[in-house]
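Student: Below you will find the structure I want to go over with you.
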Amino acid sequence: MLESGSKAVKEGMLEKRSDGLLQLWKKKRCILTEEGLLLIPPKHPPPPQQQQPELHFSNMKTVDCVERKGKYVYFTVVMAEGKEIDFRCAQEQGWNAAITLQMVQYKNRQAILAVRSTRQKQQHLAAFVADLLQGLRNWADAGGSGRPERSGSIA
């Protein structure tokens with residue numbers, strides 16, 4: 001288990017192209033979780049239990065440009081701000097598919113949570129309006145004098 005209870009879905013080595021002038025391929029130990037991709041230099045100790053992914057799915061736009069060349073699969077992770085990060089791995093490792101699948105599942109979970117939140121807000125609003133209308137009915141039935149009172153406890 002990693003960061004806030006998220007379990008490792010896949011672990012292994014990936015090569016990441018450096019941002020420098022020479023753009024060298026550097027090996028990274030990777031841990032794919034339900035929240036994103038953690039990149040660790042290969043000689044570093046395991047990450048702490050609560051470490052956040054370096055490439056979080058909330059900031060990831062897509063996994064793109066898959067190319068098979070020789071023994072490698074090359075792919076690009078495109079971040080929301082437009083930054084592109086190039087990776088490669090042995091063809092049989094399937095990192096690009098695993099990252100894409102986890103990213104889609106993450107985005108689906110977020111969409112479901114957003115819909116539930118919207119429904120919950122709509123239900124609270126409907127209850128508030130119903131309570132307000134009931135209070136107005138009670139006020140009208142009482143002759144309409146003074147200030148109308150709501151029947152429930154919604155603030």
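Student: Among the residues of the stretch 52-67, is there at least one that is part of a loop (DSSP other than H, G, I, E, B), modelled with pLDDT under 90, surrounded by fewer than 13 Cβ atoms within 10 Å (Cβ to Cβ) and not hydroxyl-bearing (Ser, Thr, Tyr)?
Tutor: Within the stretch 52-67, not a single residue is part of a loop (DSSP other than H, G, I, E, B), modelled with pLDDT under 90, surrounded by fewer than 13 Cβ atoms within 10 Å (Cβ to Cβ) and not hydroxyl-bearing (Ser, Thr, Tyr).
Student: Spot the failing condition for VAL77; the list is (1) surrounded by 15 or more Cβ atoms within 10 Å (Cβ to Cβ); (2) part of a helix (DSSP H, G or I); (3) under 15 Å from the mean Cα position of the chain (by Cα); (4) not aromatic (Phe, Trp, Tyr), and only one is missed.
Tutor: (2)
Student: Looking for something charged (D, E, K, R), in a helix (DSSP H, G or I) and at pLDDT below 90 - is there at least one such residue anywhere in the stretch 86-100?
Tutor: Yes: one or more hits.
Student: Applying the selection to the stretch 67-120, what residues are farther than 22 Å from GLY12 by Cβ and hydroxyl-bearing (Ser, Thr, Tyr)?
Tutor: Selection gives SER117, THR118.
Student: Inspect the stretch 27-48 for any residue being among the acidic types (Asp, Glu), open to solvent by 50 Å² or more (accessible area, probe 1.4 Å) and part of a helix (DSSP H, G or I) and give the result as yes or no.
Tutor: no
Student: How do the pairs read when you match residues in the stretch 67-89 that are over 17 Å from PRO53 (Cα atoms) with residues anywhere that are outside any strand (DSSP E or B), using Cβ under 7 Å and keeping only pairs 6 or more apart or on different chains?
Tutor: ARG68/GLN91; LYS71/GLN91; TYR72/GLN91; VAL73/GLN91; VAL73/ASN96; PHE75/ASN96; CYS89/TRP95
The values are calculated or read from the model by the stated rules, or taken from the named source; none is laboratory data. None of the values given here were measured: they were computed from a predicted structure. All Cβ positions, even for glycine, are placed from backbone atoms using ideal geometry, and neighbour counts span all protein chains on display. Please note that ligands, DNA and RNA were not included when accessible areas were found on the heavy atoms of the full protein model with its side chains. Shrake-Rupley method; radii C 1.70, N 1.55, O 1.52, S 1.80 Å.
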